[in-house]
Amino acid sequence: MKIFPLNDISVYPYEERAKNVFFEAEKFKTRMIQLEPGGKLPDCQMKSHVIFYVISGEANVEVNGEKAVLKQGDCLISEPGDFSLKSENGVRILGIQIK
């Protein structure tokens, strides 16, 4: 068993995103995602299922053309596809990628 204090985990910029992975197993990996106010992640193609849990803040997400607003406490479970993520006021997200 492992317990991770999600609010205390350091988060690095997108260019160093590999450092944001704090646990990896055979079938999944977990990472912290943090966007500052006005921040966004480059559009990307995810080849696996993804789970996002919003720890704090709010973000606009688009998956395969479907748009939604994620707020603190929300959990998004998505099939593989085209992703975009941006935040007007900042957001901290736990991301779980299923391999």
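Worth pointing out:
- Among the residues examined, Glu62 qualifies as free of Cβ contacts under 8 Å to residues at least 60 places away in the same chain and touching a Phe, Trp or Tyr at 6+ places or on another chain (Cβ under 9 Å).
- Any chance Ser78 is surrounded by 13 or more Cβ atoms within 10 Å (Cβ to Cβ), touching a residue at least 24 places away in the same chain (Cβ under 8 Å), polar (S, T, N, Q) and under 13 Å from Gln97 (Cβ atoms): yes
- Given (1) farther than 21 Å from Phe4 by Cβ; (2) out of contact with any His (no Cβ under 8 Å at 6 or more places or on another chain), index of the condition Glu79 fails: (2)
- Only one of the numbered conditions (1) part of a strand (DSSP E or B); (2) exposed (fewer than 12 other Cβ atoms within 10 Å of the Cβ); (3) in contact with an Asp or Glu (Cβ under 9 Å, 6 or more places away or on another chain) is violated by Ala59, and that is (2).
- Of all residues in the stretch 18-53, those satisfying the criterion of being among the basic types (Lys, Arg) and either assigned to a loop (DSSP other than H, G, I, E, B) or touching a strand residue (DSSP E or B) at 6+ places or on another chain (Cβ under 7 Å) (or both) are Lys27, Lys29, Arg31, Lys40, Lys47.
Values quoted throughout were computed directly from the atomic coordinates according to the rules given, and no laboratory measurement underlies them. Worth saying up front: this structure is predicted, and the values here are computed from it rather than measured. Here the Cβ is made from the backbone with ideal geometry for all residues, glycine too, and neighbour counts use every protein chain on show.
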